[in-house]
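Asks: Before I ask anything, let me first share the structure, which is written out below as structure tokens.
The values are calculated or read from the model by the stated rules, or taken from the named source; none is laboratory data. Every value quoted in this text rests on a predicted model; they were computed, and no experiment measured them. For neighbour counting, all protein chains shown are included, and Cβ atoms are generated from backbone atoms with ideal geometry for every residue, glycine included.
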Number of protein chains: 2
Amino acid sequence: AGASTQAAASDIDARIDELVVPAPAILESTKTAAEAVAFLVASESVAEITYIFVVDAGRLVGVVGMRDIVLAKPGQRLAEIMVGEPFAFKSGTDIDAAVRAALARHYPVYPVVDDEGRLLGSVRGWQLFERVVVEVSGQAGAQVGVSREEQVTTPILSAFRMRHPWLQVNLLTAFVAAFVVGMFEDTITQIVALAAFLPVLAGQSGNTGCQALAITLRGLTLGQLDEYPVGKLLRKEILLGALNGFVVGIVAGVAMWLYASMSGEANAVMLGVVILVAMLGACTGSGIFGVVVPLTLKRFGADPAMASSIFLTTFTDILGMGLMLFLASWVLL
Amino acid sequence: AGASTQAAASDIDARIDELVVPAPAILESTKTAAEAVAFLVASESVAEITYIFVVDAGRLVGVVGMRDIVLAKPGQRLAEIMVGEPFAFKSGTDIDAAVRAALARHYPVYPVVDDEGRLLGSVRGWQLFERVVVEVSGQAGAQVGVSREEQVTTPILSAFRMRHPWLQVNLLTAFVAAFVVGMFEDTITQIVALAAFLPVLAGQSGNTGCQALAITLRGLTLGQLDEYPVGKLLRKEILLGALNGFVVGIVAGVAMWLYASMSGEANAVMLGVVILVAMLGACTGSGIFGVVVPLTLKRFGADPAMASSIFLTTFTDILGMGLMLFLASWVLL
């Protein structure tokens, strides 16, 4: 499976055609069950035959399973015992779309036809499933700007070309956060304890947001958001963010109070309260961003995972650090 | 598939037994092919029959496919035409282990037996595959402390109970980063432009590290690290980190130079160089952490993804911000 998995992932936006192999059993619909048995007995690749594809002048008209042959009378024609108008993939179908169709069907083998319905060959169901695993396994990386095409074996320069642009995007967004922090230089100069708490606010709101983001993306991947209302998810993540932000904020607030007291800052208690309120606000907002970022990417036709963590942490960095510095400036200066 | 997917994910460390359904076709090995056909014709659930499980006094001794029946002579006994000593799951097998075994085999149906080899029932291959998808789709969340059991539909209080402990762990690690920044309070007071670049260093080294982490986890998931040497991956990620850190560091260094010049800082050029060197060092280290963190978790028997991003960003935060502040203190003060 190792080699085929690698091949599968190297061109994830490929067509179904590249997985097509010749169908090992194709018979005319006028043949009888007895003739089908004779065909199977004579076939060298009988172990690979799951279905007999039934054709009329090359056009796929039905599928006969081994069970159908067993149950048929010897003289019955395939046209009588076949499952007619069988599900088939059209040539040129996007692998992604094929994978989604296969997820709902679970057939061991799928016929592939051209636009006129002529049988081109077949595709094994597990190969489509393997694609799902390869694709879904790329989701965590996609969030931080790793292409779904990249794997352990990707050469270093290809990896650099694919990853680097997103790091530049991340840098640009970091500059926005830096600009926000820079606006409060005076506040930091006067209350330098705030500098030490910049990573605390950024880290907590970022991780809280990434949790909401992960659950939203998982819901999209497993198709649960087709049924579960987005509004309900949003409310849940807002509440969760507030709850997590409040409890974490109390611990962080107490830590700031202790730290500021030891550093000899005036207003150590108020600084602790600032941290609590900023954490509560930032984590609540993180819940919103975690739901909204991937759904917005999807709305615009993009991969909902792609760089989602980069966009998310831009918002959470600005919200977390900005809120702390704004509140401290407002309340204490 | 939606409902079964949800059920599947609600208890990911379950046993194979809960997927077992009664086998629809069980016949003694002394029966003939003709008797098997008669059985199939009489069976009400013939559409669900993929294999006939062949038993001797309840013990599974073989498997007969529909194709074997078609190819058999009517008088042949099942013992003659069956595939003997078939692959079967033992009752109590961990779902995870079963899923891995299924990935390599791709059978449509698997028999399940007890310790004495008695047939208990069967499990459909696609249900095991669905587990893989559900499990792998939980990986991005696991990295930030979301349990693989949690999904969109998980009640808010359960989600809180599962996510919150990791947020407290994240807070603890953020305090370590805060402590490191706090050690350089004097430096920040004298060169306040450094405060604005804290999120830039933390953000870039964190994202660079998360990229390496994602590829390492993907390699573990797809089984590629069984063949690809870890040392080679480590060298690649160190080089990639250095390359990305150098290019990003130049942009960030120029930005610092401009920013510090405008803010009227002395040594604006040297500050730019400090940012470049810190970024180079931090991103190189991030490459190491991205490979080492998940492999260390795995070495200690833990889920290599679980909270990996929380641990990683602890290291990258300390390295990125600490290196910048240390270099600035050393070179400029």
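Asks: Kindly indicate the residue of the stretch B:177-202 that is surrounded by fewer than 23 Cβ atoms within 10 Å (Cβ to Cβ) and within 7 Å of chain A (Cβ to nearest Cβ) and also nearest to B:I318 (Cα to Cα) among those meeting that condition.
Replies: B:G182
Asks: What residue, of A:A266, A:A242, is assigned to a loop (DSSP other than H, G, I, E, B) and on the phi < 0 side of the Ramachandran plot?
Replies: Every option except A:A266 fails the conditions.
Asks: Scan the stretch B:213-247 for residues that are more than 11 Å from the chain's Cα centre (by Cα) and hydroxyl-bearing (S, T, Y) and report the count.
Replies: Within the stretch B:213-247, residues that are more than 11 Å from the chain's Cα centre (by Cα) and hydroxyl-bearing (S, T, Y) number 1.
Asks: Pairs please, first residue from the stretch B:305-333 and at positive phi, second anywhere and outside any helix (DSSP H, G or I) and buried (at least 24 other Cβ atoms within 10 Å of the Cβ), Cβ atoms under 9 Å, 6+ apart in sequence or on different chains.
Replies: Sorted first by the residue in the stretch B:305-333, then by its partner, the pairs are B:A307/B:V144; B:A307/B:G145.
Asks: Tell me which residues, restricted to the stretch A:124-172, are of a type in the set (G, A, S) and either within 12 Å of A:A307 (Cα to Cα) or touching a Lys or Arg at 6+ places or on another chain (Cβ under 9 Å) (or both).
Replies: A:G125, A:S137, A:G138, A:A140, A:G141, A:A142, A:G145, A:S147, A:A159
Asks: Now for a separate question. Run B:A36 past the list (1) over 30 Å from A:V41 (Cα atoms); (2) in a helix (DSSP H, G or I) and report the number of the one that doesn't hold.
Replies: The single condition B:A36 does not satisfy is (1).
Asks: Would you pick out the residues in the stretch A:23-52 that are among the acidic types (D, E) and either in contact (Cβ under 8 Å) with a residue 60 or more places away in the chain or farther than 22 Å from A:V112 by Cβ (or both)?
Replies: Result: A:E35, A:E44.
Asks: Taking the stretch B:200-221 only, how many residues are closer than 14 Å to A:V146 by Cβ and of a type in the set (A, V, I, L, M, F, W, C)?
Replies: Adding up the residues that qualify gives 6.
Asks: Inside the stretch B:105-114, can you point out the residues that are at pLDDT 95 or above and over 11 Å from B:Y51 (Cβ atoms)?
Replies: Residues satisfying the conditions are B:V112, B:V113, B:D114.
Asks: Could you look through the stretch A:143-165, keep only residues that are surrounded by fewer than 24 Cβ atoms within 10 Å (Cβ to Cβ), facing another protein chain (nearest Cβ under 8 Å) and touching a residue at least 40 places away in the same chain (Cβ under 8 Å), and pick out the one that is farthest from B:V99 (Cα to Cα)?
Replies: Taking the candidates together, the pick is A:T153.
Asks: What about B:G92, is it out of contact with any Asp or Glu (no Cβ under 8 Å at 6 or more places or on another chain) and assigned to a loop (DSSP other than H, G, I, E, B)?
Replies: Here the answer is no, as B:G92 does not meet what is asked.
Asks: Among the residues of the stretch A:275-321 satisfying the criterion of being among the charged types (D, E, K, R) and surrounded by fewer than 23 Cβ atoms within 10 Å (Cβ to Cβ), which is nearest to A:V136 (Cα to Cα)?
Replies: Looking at residues that are among the charged types (D, E, K, R) and surrounded by fewer than 23 Cβ atoms within 10 Å (Cβ to Cβ), I get A:D303.
Asks: I would also like to ask the following. Just wondering, is there one or more residues in the stretch B:224-236 that are within 11 Å of another protein chain (Cβ to nearest Cβ), in contact (Cβ under 8 Å) with a residue 60 or more places away in the chain and out of contact with any Gly (no Cβ under 8 Å at 6 or more places or on another chain)?
Replies: Within the stretch B:224-236, one or more residues are within 11 Å of another protein chain (Cβ to nearest Cβ), in contact (Cβ under 8 Å) with a residue 60 or more places away in the chain and out of contact with any Gly (no Cβ under 8 Å at 6 or more places or on another chain).
Asks: Ok, one more. If I filter the stretch A:91-104 down to residues being surrounded by 15 or more Cβ atoms within 10 Å (Cβ to Cβ) and modelled with pLDDT of 90 or more, which single residue comes out as farthest from the chain's Cα centre (by Cα)?
Replies: A:S91
Asks: Here are the criteria: (1) surrounded by fewer than 21 Cβ atoms within 10 Å (Cβ to Cβ); (2) outside any loop (DSSP other than H, G, I, E, B); (3) aliphatic (A, V, I, L, M). Tell me which single one A:L271 does not satisfy.
Replies: (1)
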